[in-house]
1. Would you pick out the residues in region 363-378 that are buried (at least 21 other Cβ atoms within 10 Å of the Cβ) and either of a type in the set (A, V, I, L, M) or within 18 Å of PHE320 (Cβ to Cβ) (or both)?
2. Tell me whether region 311-325 contains one or more residues that are touching a residue at least 12 places away in the same chain (Cβ under 8 Å), out of contact with any helix residue (DSSP H, G or I) (no Cβ under 7 Å at 6 or more places or on another chain), more than 25 Å from THR56 (Cβ to Cβ) and not hydroxyl-bearing (Ser, Thr, Tyr).
3. State whether one or more residues within region 270-287 are in contact with a Phe, Trp or Tyr (Cβ under 9 Å, 6 or more places away or on another chain), in a helix (DSSP H, G or I), more than 28 Å from THR47 (Cα to Cα) and among the aromatic types (Phe, Trp, Tyr).
4. Among the candidates ALA174, ALA149, ALA191, which residue alone is surrounded by 13 or more Cβ atoms within 10 Å (Cβ to Cβ), modelled with pLDDT under 90 and assigned to a helix (DSSP H, G or I)?
5. Could you tell me which of the residues LEU286, LEU280, LEU239 is under 19 Å from the mean Cα position of the chain (by Cα) and not acidic (Asp, Glu)?
6. Name the one entry in ILE288, ILE254, ILE223 that is within 14 Å of ILE311 (Cβ to Cβ) and among the hydrophobic types (A, V, I, L, M, F, W, C).
7. Suppose we filter region 206-253 for residues that are farther than 30 Å from VAL331 by Cα and part of a helix (DSSP H, G or I); how many remain?
8. Of all residues being over 24 Å from the mean Cα position of the chain (by Cα) and of a type in the set (A, V, I, L, M, F, W, C) in region 361-380, which is farthest from GLY230 (Cα to Cα)? Just the residue, please.
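The values are calculated or read from the model by the stated rules, or taken from the named source; none is laboratory data. None of the values given here were measured: they were computed from a predicted structure. Cβ coordinates were reconstructed from backbone atoms using ideal geometry, including for glycine residues, and neighbour counts include every protein chain displayed.
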Amino acid sequence: MTRSVPLRRNAGFRVMLAGIAVMMAGASAPSPFYPQLQQEIGFSALTLTGIFAVYTVALLASLLFTGSLSDHLGRRPVISGGFALMSLSILLFWHAGSVAGLMEARVLQGIAAGLLLSALSAAVVDFEPRERPGSASIWNSVVPLAGLALGALAAGVLMDVTDGAEADVFGALALAFAAFAAGVWLIPETAPRHEGVWASLRPRIGVPATADRAFWRSAPAVIAGWATGGLYLSLGAPLVHHVFGATDHVTQAIVIVLLCGIGAAACYVARGYSSRQVTLYGTSALSIGTALTLAAISWQSLPAYLLALAIAGTGFGTCFYGVMRSIVPTVRPDERGELFAALFTLSYLAFGLPTLLAGISVGYFGLTATVLIYGALIVLFSALAGLLRKFRTTD
């Protein structure tokens, strides 16, 4: 009986990480389809960033109302409900024949993602193997990025090799989400229900007092990292097509694969370093890598662009990992949902708001000029975030 407890914890740990990977794959898998949908349905770059923006707004609203719900109601019901909504949203996206249909699907996906982000991340920490302290922070950083990379890559490959890529990608995701909605009930509950469920639904975002200093010290790095993600996940594929003339879907998807896949690998490599060292490296790599991508765009060199993007990707991953290492150990188990809700609210604000502004700018300045301006701002902000962290001596 004694051996069954760690076995069940390890199983729960792996299942929650798999759930994060599948959820994030579902977030990136639609990206390679957008250029095709633009042609089929007929919408502008501004509308494209609007489709990204409504997802972000819905996700933020969901975090605002339900971010700490799993601390009170339990992890399993929140995760199960989130995956059920996610399955429905991907089916709606698959069959959407208009901009309004795409918007509706993305709103529902945003609500589901808001439910899942804080609950799944908190559950991973709950199930962390006792013999491997700190592993939850590593995998909570590695797995989401790996999921984003795999979702985009799988979609891009299938679009180039099959005629029914939509059915293959979105059908498989809908089934996977439904399986997690049901399967999570086989895993032990780590946050038993207690009073305050209805009070937790009041719209609020707060940082637990014990995490306050570490959270705000890390905020500039979070903003720099997620603003970079917003740039390449929303405009990366159209940019590769527009500037470099790449027409195959794998090359268009490789932007996300490089940014997120190499970011995931960098997090794993960085696990032996302090959170301060990791964050300093991340902000430096973001600044340098993004600056090099801008140079590559000006030269119109695709190999140079991809190499620079790989450098920026290491920064994208390690910025978030360094922050996770700083703040997760500062809170009690019953505050984890609240902490992750605050962290992801800041992250998705940094992801969504600049993306929306970029979409508006494309209509006035064009795609290439907008990316150059956006990228230059990321270079400056990443450098500033690194300097702020460098001259604060506390970790």
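1. Within region 363-378, VAL371, ILE378 meet the criteria.
2. No, that holds for no residue.
3. Within region 270-287, one or more residues are in contact with a Phe, Trp or Tyr (Cβ under 9 Å, 6 or more places away or on another chain), in a helix (DSSP H, G or I), more than 28 Å from THR47 (Cα to Cα) and among the aromatic types (Phe, Trp, Tyr).
4. When all the criteria are applied, what remains is ALA149.
5. Residue meeting the stated conditions: LEU286.
6. That would be ILE288, the only listed residue that is within 14 Å of ILE311 (Cβ to Cβ) and among the hydrophobic types (A, V, I, L, M, F, W, C).
7. 19
8. Top of the filtered list is PHE365.
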